[in-house]
Structure formats: C-alpha cells, structure tokens
1. In the stretch 27-68, what is the volume of the convex hull around the alpha carbon atoms, normalised per residue and reported in Å³?
2. Tell me, what is the per residue accessible area of the stretch 1-116 in Å², probe radius 1.4 Å?
3. Per residue Cα convex hull volume for the stretch 1-59, in cubic angstrom?
4. Which order do the peptides 110-123, 5-18 come out in when sorted by mean C-beta neighbours inside 10 angstrom, highest first?
5. What does the C-alpha gyration tensor say about the overall shape of the chain? Classify as rounded when a/c is under 1.5, otherwise prolate if a/b is larger than b/c, or oblate.
6. When the Cα centres of the stretch 36-96 and the stretch 108-129 are compared, how far apart do they sit, in Å?
7. Please list, ordered by chain and number, the residues whose modelled amide H lies under 5 Å from the amide H of Leu45; skip anything fewer than 5 residues away on the same chain.
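The values are calculated or read from the model by the stated rules, or taken from the named source; none is laboratory data. Just so it is clear, the model here is predicted, and its values are computed rather than measured. Neighbour counts run over all protein chains shown; Cβ positions are idealised from the backbone, glycine included. Protein only, heavy atoms only, side chains kept; ligands, DNA and RNA dropped before computing areas. Shrake-Rupley method; radii C 1.70, N 1.55, O 1.52, S 1.80 Å.
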Amino acid sequence: MMRKNFEIKILSPLVGTERIPFPAYATEGSAGLDLRACLSDPVSLPPGGRHLFPTGLAVNMAGQGVVALVASRSGLSLKHGLRVAQGVGVIDSDYHGEIGVILANDSVDPYTVHPGDRIAQLLFLPVFQADFDPVDSFSASTVRGEGGFGHTGRS
C-alpha cells in the first residue's frame, strides 16, 4: 500500500499516552486510521443526540493534493447506532485546526463514549479542483445518459 508522510500536531497532552494512544492503522490493509475520543471524562450521547468530540490532533496536508475524510466505524454503527453525523466529514488540505468528530446517536439507547474510544476513521484521498466549461451539450455520450434514480431496476 502506498504511504505518504504528513506533519501531525498533538494538541492535547492526553494523546500518545496509554489512555489515548497515538493514531494508528489497525491492520496492514486498513484504509483508514482510527480516530479516538480525546476526553478527560466519559460523555453520554442520548438517543437522537449529537456531540462534537475532540481528537487532540491537527494534520498539515497543505500542498499535498489530498483531502482527509472522517468516516463512521461500521461496528459502532451496526451495534450501537452511532455514525458520523454529516455522513462523511471533509477536512480540507488548508485546514490546520483540531480534527473533530461529530457523532450522532440513531439508537433508542444512550451511548457513553469513554476517553480513548475509537470513534471514527480518517482516510486520505487524492483530490483535484475542477474548472468548468459551459456547454449546450456534452462532447461525449454514454449508454446511461441522463438516466438515474433507479433507472437500472431493482435486481
């Protein structure tokens, strides 16, 4: 798997301790690294509630042609109804502030997030900015064309 180096700033003395380990990939094939709740005390997330959890980290991606995406952890979503509130969090390459994770509780039960809990994944993807050329019709056609929203059927 391809690797790239980024500068990381530790914003909390809790990060890098036994309680809140330094961010790492869980396995050699992991696409995302685990983000942990950088908390001194547990936080209870009520049913239907949302909360911004700090990670204690900032990353310098400036000039690297990448975006960082904050994604839900599948186990938390399936077992406890917790997900990244906005679907996917986008961290632009010129943002140097603390990475935060907004979790939403879709469950009927409260969920307690403890210091150091793995709450989301951070993925790095190449990105480019698009320029647009206004046209009356596209220069290429496709089989699909303008078909969308279920046009290919259910099965």
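1. Numbers: hull volume 6.0 nm³, N = 42.
In the stretch 27-68, the Cα hull volume divided by residue count equals 144 Å³.
2. Working: 6670 Å² over 116 residues.
Per-residue accessible area for the stretch 1-116 comes out at 58 Å².
3. 117 Å³
4. Per-residue mean Cβ counts within 10 Å order the peptides as 110-123, 5-18.
5. oblate
6. Between the Cα centres of the stretch 36-96 and the stretch 108-129 lies a distance of 4 Å.
7. Those qualifying (amide H under 5 Å, at least 5 residues apart or on another chain) are Tyr111, Thr112, Val113.
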